[in-house]
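All remarks here apply to the structure that follows.
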Amino acid sequence: MALLSGCIYVRPKGVMQIIEPCRSYDAKIKLNKKTSYLVGIDQSTSCTGIFLLDKTATFWILIDFKRDDPNKELFFRDLEGFLRELLDGVRVTLVVHEEPIPSTIAPTAHAVLSDLRGRLRSWIARNPAMENAELHSIYPQTWKSRVLDKAELAGRGLKPKSVFNSKFKMATELCRIYPFFDSYRCRRFSTDFDAFDALGILMGYLKYSHNEKGQRKICGTIEKRHKTIVGYAYVDKNSLSFPGTVDEKLGILRYSLIPAVLSFNAEYSVAQNIKMASSNWNFVVTVLPDKYLQPLMWQFDFKEDKGKVMVLFIFKKSYLRMYNSVEAICELFPMHEEV
């Protein structure tokens, strides 16, 4: 069995509805089916926090889903069933959950949360509302450092590390940014403030995944075990366009290989961008800044042309295998490598 509490804020109208603690099956939360949603999840075996935000930033929803039975499997069943009912008939475009702390730091917590992460991803794959959503994860310290400004905290006499390590303090700081949630913070029944962590996870990821121009960029955790195929295309700047450049390079394969067009992440190296891209997407296209061009000029023996720009086509190799396209991609891109 599980208990639920939460709140729904309708931003333009300034209307707040508090969902008092109740059995999860008694909660009647009806989402607007005319819009799509982004979802943040703070997974836990004791209380899972959920935050939903629609694409117009009109509906802001916090949910604490608390375990109320020693049987962990019943809690998991109820949580999956609740998510299925809540999202019935709704389209979800993005789901972000917290990446478990590395096993080298907290082995027991890592094992428990990794198991729950696997279950969560399985539920998402089985849920029609989320089956086509982008699924990403973010480490706790990463999202916390994006939603809160360390310098601003220090300016108020607060130690960032102390704030980051306290769920109460994090919830308090989040309510400074989103003050309409403060009334729920004062009434919530979860001592872990899980719904507020879910809020921070999604909003932190959105800041982490976009550059200063508001463009999506390569980001996320890096999984080192998979293989990546990178095709390099040196194209005229005047003809560069998306999806035009992609369609021209892929030819007939453009009907099956669908890319995410993302900005290069200047916080990381070229190698890290490549592995990060293929760890979190099946196929990414990005423009390489000119300052990183020199090593490729040596590797593939070409000269710099100020009228051209290097475009990287980054494929997860297993994705190409699904479409029997590994050899075709290697033929389409004379400059390519496997990493």
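FYI, it's all coordinate maths here, none of it is from the lab. The shown structure was predicted, so the numbers you read here are calculated from the model rather than taken from an experiment. All Cβ positions, glycine included, derive from the backbone under ideal geometry; neighbour counts span all protein chains shown.
Some values worked out for this structure:
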{"quantity": "12 Å beta-carbon shell around Leu74, net charge (K/R +1, D/E -1)", "calculated": "-2"}
{"quantity": "DSSP beta bridge pairing in the chain, given as percent antiparallel to the nearest 5", "calculated": "75"}
{"quantity": "Relative contact order of the chain, pairs being alpha-carbon contacts under 8 Å that are 6 or more residues apart, as %", "calculated": "16"}
{"quantity": "Top positive-direction residue, dipole computed over the chain with Cβ charges, set Tyr9, Val95, Trp298", "calculated": "Tyr9"}
{"quantity": "Neighbour-count ranking [beta-carbon atoms within 10 angstrom, fewest first] of Lys33, Lys144", "calculated": "Lys33, Lys144"}
{"quantity": "Net charge over other residues, Cβ less than 9 angstrom from the Cβ of Leu4 (K, R count +1; D, E count -1)", "calculated": "0"}
{"quantity": "Counted charge near Leu153, where neighbours are those whose Cβ lies closer than 12 Å (Asp, Glu -1; Lys, Arg +1)", "calculated": "+4"}
{"quantity": "Residue of His210, His226, His97 that the Gaussian network model of the chain assigns the largest fluctuation, springs spanning Cα pairs under 10 Å", "calculated": "His226"}
{"quantity": "Among Val90, Val163, Val15: highest mean-square fluctuation, GNM of the chain, C-alpha pairs under 10 Å", "calculated": "Val15"}
{"quantity": "Neighbour-count order for Trp60, Trp123, fewest beta carbons within 10 angstrom listed first", "calculated": "Trp123, Trp60"}
{"quantity": "Integer Hz, Karplus 6.51/-1.76/1.60 couplings in order for the stretch 170-183, x for Gly and Pro", "calculated": "5, 4, 4, 5, 4, 6, 6, 7, 10, x, 5, 8, 5, 5"}
{"quantity": "Hydrodynamic radius (Kirkwood) for the chain, which is based on Cα pairs only, to one decimal in Å", "calculated": "21.9"}
{"quantity": "Estimated vicinal HN-Hα couplings, Hz - the stretch 298-304 in sequence order (Karplus 6.51, -1.76, 1.60; Gly, Pro = x)", "calculated": "6, 5, 10, 6, 9, 9, 5"}
